[in-house]
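Asks: Let me give you the structure first, and then I'll get to my questions.
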Amino acid sequence: MPKELPTQAQVVVIGGGAVGASVAYHLTKVGISDVVLLERKTLTSGTTWHAAGLVGQLRASHNLTRLAQYTTQLFEQLEAETGQATGFKQNGSISVAPDKERFEELKRGASMARRFGLEVQVITAGEAKSMYPLLNVEDLVGAVYLPKDGQINPTDVTQAMVKGARMGGAKIFENTKVTAIHQSGGAVTGVDTDNGAIKAEFVVNCAGMWGREVGQMAGVNIPLHACEHFYIVTEPMAQVPPDLPVLRDPSGFLYVKEDAGKLLVGAFEPGAKPWGMDGIPDDHEFETLPEDWDHFEPVMRNALQRVPLLEQAGISLFFCGPESFTPDTRYSLGECPELERFFVAAGFNSIGIQSSGGAGKAIAEWIHKGHAPMDLWDVDPRRWMPFQGNSVYLRDRVTESLGNLYAMHWPFLQPVTSRNVRRSILHDKLAEQGACFGEMAGWERPNWFAPPGVKPEYEYSYARQNWFEYSGEEHRACRENVVLFDQSSFTKYLFKGRDVEQILNRVCANNVSVPVGKVVYTQWLNERGGIEADLTVTRTAEDTYLIVTSGSQQIRDYSWLKSHIPPDSHAFLTDITSGYAMLGLMGPNARTLMSQITPADLSNTAFPFATSQEIELGYAMVRASRITYVGELGWEIYMPTEFMPGIYETIMEAGAQLGLKLGGYHAVNSLRMEKAFKHWGHDIAEEDTPLEAGLGFAVAFDKNEDFIGREALLRQKDQGLKKRMVQFVLDDPEPLMYHEEPIYRDGIMVGSTTSAQFGHTLGASVGLGFVENEQGVSADWINEGKYEIEIACERYPARASLRPMYDPYAKRPKA
Ligand SMILES: Cc1cc2nc3c(=O)[nH]c(=O)nc-3n(C[C@H](O)[C@H](O)[C@H](O)COP(=O)(O)OP(=O)(O)OC[C@H]3O[C@@H](n4cnc5c(N)ncnc54)[C@H](O)[C@@H]3O)c2cc1C
């Protein structure tokens, strides 16, 4: 180990656990050898040393699965490369289902796994028993087997990655604590340690459960909080063969792993115990926490029922150690929006070993290439809102995050902890009207409205849930009459100054050199033509634009635009989300209703589609924009927040004779699916271009200014498309798609759905999804195919269309 701490390095990695080791290793693999890894105590002494070492591959999205899959491939060859044994073995894993709902979840997962290229088998309880003789299968309805899942020794694999990193030139320092992060001009410049300072071009925060604290040193928000995490290990037993697969019984909140002739039983129980509320003690190193048998006992009871041999087993170890969890049970990976060249890979929610290989590779490639190597929005630090760094919010939420790993992943599942953080000013009024709220980025948003006498509470299921018909009525009211949606959670920025038109024309693919009052739908692209944002830009004055994007993009889109404002420009970007509320009044009777409460001329001549005006409404002045996300005639009404209750009352009163209904976000989603309106983060993201997504109409190739991504799109136009977004409707009205369902064309898997919802006008489940073909995807190729969608391992015939099947020529919003 080198003694002298260098004063300079290209990359400083903070933290010597599995993740830091992997980042250092992969940096050397992409040719960056000037790497210094700093560990405050001993390598692996944080959380890594006591991990159970399960290495699963299936994650909730394609790219996160790709990263986990890569980890397995790395672990397969690391010993040969470094000479350091890792204890890796691939006995596979079996997940069991004691009821049909869990089996449906596992089968939907298996369909997803197929799409992601993982080997997977849906097996009977009897087959599970033959693969895992210790299993009690009496109550099981089925299981899923992933033959390539494995297990590893976490300390050894970390040491192997450290050895590999050293072989590639990285320098590793133990007993060196980072005490401060330096920055200048919005970018990181180095770190202070208790052994001296190091200047650095890049700093990567891999500090595990200390990640939030290290983030704070840099003024960066990394929401995570530790929880106690438990397992027990038995005495060795002759009946335990070394080739036993890993067993997961999610409904029993447990997993079982063979461990040198013993069984290790671990827990993902509901109601976890947060830990480290007063900070993590400075001397924490290879530390264990006191056992809590009362807490573990319900899981142990389930384990005894599932693996009866455990009744005879002596327990050699009761283990409890801390691990970091995040508000959405997903880790943070990537460059932080608050500070350029400061990266994070932390908050691994108990999958840090199996994620380490992929996470390290992604960070290394990101630093090397200057952009994310793939769409990593699921784990992007730009998804966090500032309030999510609040320690009380975190402490309460992580009690739920740990159990989430094995909880039922019901469609539309809402968290139950740390709620009511961000509320629209109409919240209580909407609650009185029966709103059932869902959470998004801390916002409480009405998802559906319960009629009088019905409790506004979810009853979850994979089939039609209890709100299906109520939401259907909202949907139909929007198609046939008029509906009011509270859309206050939409993000709004004001962009003002002499240079903003020019800046926006470079950032937007569409042309924003438009008359005052024009609403422009546009994408923001990266140099590769990929879609970084999908939003509207409204010119409200010569030198002012109102930018409206979705609530989840508040930090991300702000940081994208800000990073593209050249220094010394006369351009000022302000987030006005909290100051401006928004109501969407949508449906064929929207004009009739609006006309009763505004003197403004709302005719097509005076107020055409895609325009915006300041008008009188009730006693207030509002900005009304004639634009829609539901595909009907309507206006988005923006107003300073304090006017919203009055305007709401005015609209409700005037709407009463017309039969105005309130609508929730489930209806919005169902309406937009029928129109094939895309949703950034679900349907489209930075790896998809507007041409592939069917958004070429919003690209102004002919505008005077060059825009980011233009060259890439022109190249793609020349070369032809290899994937395209298509709308699908199932022939059978019964089955429900949600997302990631495999799509088959003439019996061959060509893609998967990106989002889906029941379409109450089209009368069946409607989905969007990319279809791919190396030889090209012409309209003929798409139209000539026969399609099926796989749901829970069964295929259902579907119709496919490049144009929206509802109102294909967009006549209704322009009526
Ligand atoms: C009981 C249990 C079972 C688990 N089982 C599994 C499993 O089966 N599979 C799986 O994939 N995962 C599992 N995990 C999770 C896994 O252990 C973690 O996700 C993983 O170890 C996280 O690695 P890390 O490198 O992010 O964090 P750590 O290993 O905690 O490393 C972070 C390092 O940063 C150092 N550090 C902090 N602050 C500073 C500073 N200021 N300066 C310098 N260094 C600093 C710390 O000392 C620490 O060593 C389990 C966890 C627990 C608790």
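The values are calculated or read from the model by the stated rules, or taken from the named source; none is laboratory data. Quick caveat: nothing in here was measured; it's all calculated off a predicted structure. Note that each Cβ is placed from the backbone with ideal geometry, even for glycine, and that neighbours are counted across all protein chains shown. Quick note on the areas: whole protein, heavy atoms, side chains included, nothing else; ligands and nucleic acids left out. Shrake-Rupley method; radii C 1.70, N 1.55, O 1.52, S 1.80 Å.
Asks: With unit charges on the beta carbon (Lys/Arg positive, Asp/Glu negative), name the residue among ASN481, HIS225, LEU426 whose Cα is farthest towards the positive pole of the charge dipole of the chain.
Replies: ASN481
Asks: Let's see if you can work this out: charge +1 on each Lys and Arg Cβ, -1 on each Asp and Glu Cβ, no other charges. What is the dipole magnitude of segment 593-746 about its Cα centre, in debye to the nearest 20?
Replies: 300 debye
Asks: Give the shape of segment 6-68 as rounded, prolate or oblate, defined through the alpha-carbon gyration tensor: a ≥ b ≥ c are the square roots of its eigenvalues, a/c under 1.5 means rounded, and otherwise the shape is prolate if a/b is larger than b/c and oblate if not.
Replies: Oblate.
Asks: Just the number please: accessible area per residue for segment 478-553, 1.4 Å probe, all protein chains included, in Å².
Replies: Numbers: 2100 Å² over 76 residues.
That works out to 28 Å² for each residue.
Asks: Tell me, what HN-Hα J-couplings in whole Hz come from the Karplus equation 6.51 cos²θ - 1.76 cosθ + 1.60 at θ = phi - 60° for each residue of segment 65-75, using x for Gly and Pro?
Replies: In residue order, the calculated couplings are 5, 4, 5, 5, 4, 4, 4, 4, 4, 5, 4 Hz.
Asks: In degrees between 0 and 90, to the nearest 10, how far off the longest principal axis of the chain does helix 391-404 point, with axes built from Cα atoms?
Replies: Once rounded, one gets 70 degrees.
Asks: Could you size up the charge dipole of segment 389-432 around its Cα centre, putting +1 on the beta carbon of Lys and Arg and -1 on that of Asp and Glu, and report it in debye to the nearest 20?
Replies: I would put it at about 120 debye.
Asks: Enumerate the aspartates and glutamates that LYS455 could reach by cross-link, defined here as Cα to Cα under 20 Å, with residues fewer than 8 away along the same chain left out.
Replies: Hits, sequence-local ones excluded: ASP428, GLU432, GLU439, GLU444, GLU469, GLU473, GLU474.
Asks: LYS29: which aspartates and glutamates have alpha carbons under 19 Å from its alpha carbon, excluding same-chain residues fewer than 8 sequence positions away?
Replies: Candidates past the 8-residue exclusion: GLU76, GLU79, GLU81, GLU201, GLU365.
Asks: Quick one: if the Förster radius is 45 Å, what FRET efficiency do TYR809 and LYS100 give, using the C-beta to C-beta distance and rounding to 0.05?
Replies: The computed FRET efficiency comes out at 0.55.
Asks: Considering only Cα-Cα distances, which of the following residue pairs are longer than 20 Å: LYS148/LYS257; LYS3/LYS199; LYS89/LYS257; LYS361/LYS562; LYS361/LYS722; LYS678/LYS703?
Replies: As for pairs spanning more than 20 Å Cα to Cα, those are LYS361/LYS562; LYS361/LYS722; LYS678/LYS703.
Asks: Would you work out the charge dipole size for the chain about its Cα centre, treating the Cβ of every Lys and Arg as +1 and the Cβ of every Asp and Glu as -1, and quote it to the nearest 20 debye?
Replies: With Lys and Arg at +1 and Asp and Glu at -1, about 1440 debye.
Asks: Related question: Suppose all protein chains stay in the model; what accessible area per residue would a 1.4 Å probe give for segment 683-815, in Å²?
Replies: Accessible area per residue, segment 683-815: 44 Å².
Asks: Modelling each spin label as a point 7 Å along the Cα-to-Cβ direction, I'd like the SER391/MET652 distance in nm, to one decimal.
Replies: 4.1 nm
Asks: Residue-wise, which Karplus ³J(HN,Hα) couplings in Hz belong to segment 463-474, taking 6.51 cos²θ - 1.76 cosθ + 1.60, θ = phi - 60°, and x for glycine or proline?
Replies: Each residue's phi maps through the Karplus curve to give 8, 5, 8, 4, 8, 3, 6, 5, 5, x, 5, 4 Hz.
Asks: Continuing with this model, one more query. Picking from THR28, VAL96, MET749, whose Cα lies most toward the positive end of the charge dipole for the chain (charges on Cβ: Lys, Arg +1; Asp, Glu -1)?
Replies: Toward the positive end, the furthest listed residue is MET749.
Asks: What is the angle, in °, between the Cα long axis of helix 18-29 and the longest principal axis of the Cα atoms in the chain? Nearest 10 is fine, range 0 to 90.
Replies: 80 degrees
Asks: Normalised by the number of residues in the chain, what is the relative contact order in percent for Cα pairs under 8 Å and 6+ residues apart?
Replies: Relative contact order here is 12 percent.
Asks: Follow-up question, since we're still on this one. Report the full-extension gain for the segment ASP499 to ASN136: residue separation times 0.36 nm, less the Cα-Cα distance, to one decimal in nm.
Replies: Answer, rounded to one decimal: 123.7 nm.
Asks: Using 1/(1 + (r/R0)^6) with R0 = 45 angstrom and r between the beta carbons of ARG799 and MET440, what's the FRET efficiency to the nearest 0.05?
Replies: So the FRET efficiency works out to roughly 0.90.
Asks: Can you list the residues, at least 5 places off or on another chain, whose amide H is less than 5 Å from the amide H of ILE181, using H built in the peptide plane?
Replies: Close amide H contacts, sequence-distant or interchain: ASP192.
Asks: For segment 511-638, what is the convex hull volume of the alpha-carbon atoms per residue, in Å³?
Replies: 129 Å³
Asks: So for segment 431-536, averaging the separation of alpha carbon pairs under 8 Å that are six or more residues apart and normalising by length, what relative contact order in percent results?
Replies: That works out to 13 percent.
Asks: Something else: Once both axes come from the Cα atoms, what is the angle between helix 352-369 and the longest principal axis of the chain, in degrees from 0 to 90, rounded to 10?
Replies: 60 degrees
Asks: Looking at the chain only, what percent of DSSP beta bridges run antiparallel? Nearest 5 please.
Replies: The antiparallel proportion sits near 85 percent.
Asks: A follow-up question, please. After finding the eigenvalues of the alpha carbon gyration tensor for segment 278-432, what semi-axes result from the square roots of 5 times each, listed largest first in whole Å?
Replies: Result for segment 278-432: semi-axes of 32, 25, 17 Å.
Asks: Is segment 119-159 best put as rounded, prolate or oblate by its Cα gyration tensor, with a ≥ b ≥ c the root eigenvalues, rounded for a/c under 1.5, and otherwise prolate when a/b is larger than b/c, oblate when not?
Replies: prolate
Asks: Which peptide among 296-307, 646-657 comes first, and what is the full order, when sorted by highest mean count of other Cβ atoms within 10 Å?
Replies: 296-307, 646-657
Asks: Show that you can apply the helix-only estimate: for the chain, add -39,500 (n - 2.57) for every DSSP H stretch of four or more residues, divide by all residues, and state [θ] at 222 nm to the nearest 500. Display every interim value, and only then the final one.
Replies: Values: 18 runs with 206 residues, N = 815.
It comes out at -7500 deg cm²/dmol, rounded to the nearest 500.
Asks: I'd like the carbon and sulfur percentage of the solvent accessible area for segment 218-336, probe radius 1.4 Å, heavy atoms only, ligands and nucleic acids excluded.
Replies: Carbon and sulfur: 50 percent of the exposed surface of segment 218-336.
Asks: Another one. In whole percent, and with a 1.4 Å probe on the protein chains, what portion of the accessible area of segment 527-615 is carbon and sulfur? Working shown, then result.
Replies: Values: 1820 of 3370 Å².
Summing carbon and sulfur atoms, their accessible area is 54 percent of the total for segment 527-615.
Asks: ALA620 versus THR574, label points 7 Å from Cα toward the beta carbon: distance in nm?
Replies: If labels sit at ALA620 and THR574, their model points lie 1.8 nm apart.
Asks: In addition: Name the chymotrypsin sites (Phe, Trp or Tyr not before Pro) in segment 239-289 that are in a loop by DSSP and that have at most 14 other C-beta atoms within 10 Å, would you?
Replies: Passing both the DSSP loop test and the Cβ count: PHE286.
Asks: Per residue, how much accessible area does segment 325-427 show when a 1.4 Å probe rolls over the protein heavy atoms, in square angstrom?
Replies: Solvent-accessible surface per residue comes out at 31 Å².
Asks: Continuing with this model, one more query. By its C-alpha gyration tensor, with a ≥ b ≥ c as the square roots of the eigenvalues, how is the chain shaped: rounded for a/c under 1.5, else prolate for a/b larger than b/c, else oblate?
Replies: prolate
Asks: In addition: Of all accessible surface on segment 105-168 at a 1.4 Å probe, what whole percent is carbon and sulfur?
Replies: Carbon and sulfur atoms account for 50 percent of the accessible area of segment 105-168.
Asks: Given 5 Å bins starting at zero, what is the percent of C-alpha pairs of segment 33-155 in each, up to the one with the largest pair distance?
Replies: 2, 10, 16, 17, 18, 15, 10, 6, 4, 2, 1, 0
Asks: Under 8 Å for C-alpha pairs, at least 6 residues apart: give me the relative contact order for segment 140-201, rounded to a whole percent.
Replies: RCO, segment 140-201: 18 percent.
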